[in-house]
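Down below is the structure, laid out as structure tokens.
The values are calculated or read from the model by the stated rules, or taken from the named source; none is laboratory data. Since this is a predicted model, take the numbers as computed values, not measurements. Methodologically, a virtual Cβ is constructed for each residue, glycine included, from the backbone with ideal geometry; neighbour enumeration extends over all protein chains shown. For the accessible areas, the whole protein counts, side chains as well, though only heavy atoms, and no ligand, DNA or RNA atoms are used. Shrake-Rupley method; radii C 1.70, N 1.55, O 1.52, S 1.80 Å.
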Amino acid sequence: MITAYDFSLFQQDIDQLSLNKSVAIEKIGESVLKKPIYQLKIGYGPRRVHWNGGFHGNEWMTSMILVDIIRGLVSNKHIFKKVTNCSLEEIFQNITLSVVPMVNPDGVDLSIHGEKKAEEYVSLVRMLNNGHTTYSSWKANIRGVDLNKQFPARWEEEQKRKPVTPSFRDFPGYAPLTEPESIAMARLTEYEQFDRVLCFHSQGEVIYYGYGAKEPHESWETVRRFNNASGYEPVQTVDSYAGMKDWFIDVFNKEGYTIEIGKGINPLPLSQYKSNLKKASQVAYHSLVFHGD
Ligand SMILES: [Zn+2]
């Protein structure tokens, strides 16, 4: 039986994957409640591709999917070849893949298990939860900051129209990059100099690929391949700033994508898991191929 994917299930998968010689696991930072934020790395090529998930607490299905995709890549190599026409060995001579499946472990655990996972933040989260006893709408980190509104890309505009104090969702913080989880992601990105970044969220079955027309022209080609493979609709602009992909496109002028998996209300029902995994895998596989190489 599949169940909601909390930090402890994730940790079990990390322990399993750490036994596999083709996966290198490292801790890139810690959440507010000192849970590790893990990066998984595969391959040794010069092109750098990055995937992340679990930025938002109640979007834990993205973490589950990324771990499943990694497990599939390292154990079932022929699937990949069938989809992309390239062998995995070829790909990983050309690519180094970095994956951070669970950016916001505190928010994930709060959204699944409720305030018993809030530790010293119990009274704060209770106050921010608008009288609800379940935390299934919770997107923020444990301090009520929306980690995907923390990046310095028109952050001030987001600040003006979003909550001005901590909230279960959408509060961009009192300044950009104040939270340990978003700081870890920004530092990792600066250090690794990724060529292509895919941020997995839910829901909508769309792929946001632009940022104020600053995205490189390859983005359109790539997003069309993603669309052909998955059916997810490409969307160039959206009235939302200060996300990781916005900042990545703005600062590095490289391809950045926000992939919204699934349809419905977060957290997505587990009955959707298989079909979401299938579509998201298509996007993920195709992101490992650079045309023109
Ligand atoms: Zn999200």
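Details
- Filter pass, Gly173 being modelled with pLDDT under 95, in a loop (DSSP other than H, G, I, E, B), out of contact with any Phe, Trp or Tyr (no Cβ under 6 Å at 6 or more places or on another chain) and over 22 Å from Val67 (Cα atoms): no
- Leading residue by the ranking (most open to solvent (accessible area, probe 1.4 Å)) among those in region 137-157 that are more than 14 Å from the ligand (Cβ to nearest atom) and closer than 22 Å to Ser111 by Cβ: Arg143
- Candidate set: region 234-291, residues that are among the aliphatic types (A, V, I, L, M) and more than 15 Å from the ligand (Cβ to nearest atom); chosen: the one surrounded by the most Cβ atoms within 10 Å (Cβ to Cβ): Ala284
Conditions (1) within 20 Å of Val103 (Cβ to Cβ); (2) in contact with a strand residue (DSSP E or B) (Cβ under 8 Å, 6 or more places away or on another chain); (3) assigned to a helix (DSSP H, G or I), marked per residue:
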| site | (1), (2), (3) |
| --- | --- |
| Glu190 | yes, no, yes |
| Phe194 | yes, yes, no |
| Ile207 | yes, yes, no |
| Glu221 | no, no, yes |
| Phe226 | no, yes, yes |
| Tyr241 | yes, no, no |
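- A count restricted to region 198-217 and to residues that are farther than 23 Å from Lys139 by Cβ and within 14 Å of the ligand (Cβ to nearest atom) stands at 0.
- Looking across region 98-136, the residues that are away from the ligand (no atom under 16 Å from the Cβ), surrounded by fewer than 20 Cβ atoms within 10 Å (Cβ to Cβ) and polar (S, T, N, Q) come down to Ser123, Asn130, Thr133, Thr134.
- Identity of the residue in region 43-54, open to solvent by less than 10 Å² (accessible area, probe 1.4 Å) and under 19 Å from Glu192 (Cα atoms), that ends up nearest to the ligand (Cβ to nearest atom): Gly53
- Qualifying residue in region 265-278 (condition: part of a strand (DSSP E or B) and modelled with pLDDT of 95 or more): no
- Region 162-175 residues that are closer than 11 Å to Ala242 by Cβ, paired with ones that are of a type in the set (Phe, Trp, Tyr) and at pLDDT 95 or above (beta carbon under 7 Å, 6 or more apart): Lys162/Phe171; Pro172/Trp155
- Pairing residues of region 259-286 that are within 30 Å of Asn94 (Cβ to Cβ) with residues that are more than 16 Å from the ligand (Cβ to nearest atom) and among the β-branched types (Val, Ile, Thr), at Cβ distances under 7 Å and at least 6 apart in sequence or on separate chains, gives Ser281/Ile69; Gln282/Val83; Ala284/Ile69; Tyr285/Val83; Tyr285/Thr84; His286/Thr84.
- When Lys274, Lys254 are checked against the criterion of being farther than 20 Å from Leu97 by Cα and not β-branched (Val, Ile, Thr), a single residue qualifies: Lys274.
- Some residue of region 9-30 being open to solvent by 30 Å² or more (accessible area, probe 1.4 Å) and in contact with an Asp or Glu (Cβ under 7 Å, 6 or more places away or on another chain): no
- Note on region 1-36: residues that are assigned to a loop (DSSP other than H, G, I, E, B), over 16 Å from Lys117 (Cα atoms) and within 16 Å of the chain's Cα centre (by Cα) total 0.
- Region 37-99 holds helices (runs of 4 or more DSSP H) entirely within its bounds, and those carrying 2 or more residues that are within 22 Å of Met244 (Cα to Cα) map to 61-75.
- Listed by first and then second residue, the pairs linking a residue in region 218-238 that is more than 15 Å from Val83 (Cα to Cα) to a residue that is open to solvent by 60 Å² or more (accessible area, probe 1.4 Å) and not in a loop (DSSP other than H, G, I, E, B), with Cβ atoms under 8 Å apart and 6 or more places separating them unless they lie on different chains, are Tyr232/Lys279; Pro234/Trp220; Pro234/Arg224.
- Residue match in region 197-205 (condition: loosely packed, with under 15 Cβ neighbours inside 10 Å and touching a strand residue (DSSP E or B) at 6+ places or on another chain (Cβ under 7 Å)): no
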